[in-house]
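Below is one structure, written out as structure tokens, with a few remarks after it.
The values are calculated or read from the model by the stated rules, or taken from the named source; none is laboratory data. Here the structure is a predicted model, which is why all the values come from computation and not from measurement. Ideal geometry is used to build each Cβ from the backbone, glycine not excepted, and the neighbour counts take in all protein chains shown. Just so you know, the surface numbers come from the protein's heavy atoms only, side chains and all, with ligands and any DNA or RNA stripped out. Shrake-Rupley method; radii C 1.70, N 1.55, O 1.52, S 1.80 Å.
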Amino acid sequence: MGEKITLHDLQSRKERGEKITMLTAYDYPTALLLDQAGMDIILVGDSLGMVVYGFDSTLPVTLDMMVMHTQAVRRGVKRAFLIGDMPFMSYQISIEEARRNAARLLAEGGADAVKVEGGRHMAPTVQALVEIGIAVQGHIGLTPQSISALGGFKTQGKSVEAACQLLDDARALESAGAFSIVLEAIPARLAGLISQSISIPTIGIGAGAGCDGQVLVTHDLLGLFDRFTPKFVRRYAEIGKTMQAAFEAYRDDVQSGSFPDEKCSFTMPEAVWEALEAALRSDDARHVR
Ligand code: KIV
């Protein structure tokens, strides 16, 4: 296992044209495996609201939930750069609240940085966090916390106006001091253009190969989310099916009596067993008298 990944390493990756790898984790065992697999960035995404808690959107996720999950992930991460997602309404109300809440993700959760959704309008908040020493990753394009306003999980930046707006958003976040920007669900050519137009790394999700790195929701990649699989996901495993088969096999074994067998049971020395039987016999005899 190499040295801990720093902001400097991420920036150098962009400058050297080396792709940055990022995935989400919400618990200790997944974090451990991602870290051992050599992931550059691990994101405790508010996507946990959907893929772990089963909500219809990320909006019900609270800061307390994010702090708890970030703590669990932190225990499994030694090398990767760890980002905690700021949940809905934890940074939009005021700069003061944004600072207090971001600080909790770092101080209590153990994150190395935070992520916030939004473009130019979020630049003053990003700047205010950076000013007090909190590293911030931006997130533009399809921003799930604004899903109602965006009219659903739709590709963004498809008109000239919308594309120019995204380019402007990316530049504003860069000027505000963000160290990186997630580009979600935007046309590949536009994401490539944005990536070339700014000096900080872009991390794409549904944004094509021209980004400086890629991120996916781990449950999507593993086949562990039942509701839908976005077009941009590549499935690397069918863990959901594997788990289902294991649960059914366990159910069958319990019902048939083949589990637990001797290998899965504890033994008692014969002498202890015989002494126990004798004790019970004399106890019975006393009751009869
Ligand atoms: O919450 C999340 O998992 C995210 C990623 C999709 C980038 O924001």
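Below is a table of values for the structure above.
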item	result
Solvent accessible area, Å² - VAL77, 1.4 Å probe, full protein context	10
Per residue, in Å², the accessible surface of the stretch 243-288 once ligands and nucleic acids are set aside, probe 1.4 Å	92
Carbon + sulfur, % of accessible area of the chain - ligands and nucleic acids excluded, 1.4 Å	57
GNM top mover of LEU142, LEU216, LEU33 - the chain, alpha-carbon springs below 10 Å	LEU33
The stretch 210-271: radius of gyration over Cα atoms, expressed as a fraction of 2.2 N^0.38 Å	1.91
For ARG74, solvent-accessible area (1.4 Å; no DNA, RNA or ligand), Å²	60
Residue-level accessible surface for THR242, protein heavy atoms, 1.4 Å, Å²	90
Along principal axes, Cα extents of the stretch 176-231, largest first, whole Å	37, 23, 15
By accessible area with a 1.4 Å probe, ligands and nucleic acids excluded, highest first: order of LYS14, LYS78, LYS231	LYS231, LYS78, LYS14
Directionally averaged projected area (convex hull, Cα atoms, the chain), nm²	22.4
Spread of Cα-to-Cα distances over 10 Å intervals beginning at zero, given as percent, for the stretch 37-182	12, 41, 36, 10, 0
Overall dimensions of the stretch 109-149 by Cα: Rg and Dmax, Å	11.2, 32
Degrees separating the helix 63-76 axis from the principal Cα axis of the chain, which is the longest one	70
Net charge contributed by nearby residues that have their C-beta within less than 12 Å of ALA31 (K/R +1, D/E -1)	+2
The stretch 148-289 - convex hull of alpha carbons, volume per residue in Å³	272
Partners for LYS158 among lysines (Cα-Cα distance below 19 Å; same-chain residues under 8 apart left out)	LYS231
Cα centroid separation, the stretch 229-243 to the stretch 34-69 (Å)	17
Rg/Rh for the stretch 13-119, where both radii come from Cα atoms and Rh is the Kirkwood radius	0.98
The stretch 7-216 - accessible surface per residue (Å², probe 1.4 Å)	40
Directionally averaged shadow of the stretch 243-288, computed from the convex hull of its alpha-carbon atoms, nm²	5.2
Under Karplus coefficients 6.51, -1.76 and 1.60, residue-wise ³J(HN,Hα) of the stretch 134-149 in Hz, glycine/proline x	9, 6, 10, 9, x, 7, 10, x, 7, 10, x, 6, 10, 4, 5, 5
Exceeding the 24 Å Cα-Cα cut-off - candidates LYS4/LYS154; LYS4/LYS115; LYS19/LYS154; LYS14/LYS115; LYS14/LYS78	LYS4/LYS154; LYS19/LYS154
Helix 95-107 vs. the chain, principal-axis angle (Cα, 0 to 90°, nearest 10)	40
Longest DSSP-loop-exposure-free segment, chymotrypsin sites (Phe, Trp or Tyr not before Pro), the chain, at most 15 other Cβ within 10 Å	56-152
Positive minus negative residues near GLU117 (Lys, Arg vs Asp, Glu; Cβ under 12 Å)	-3
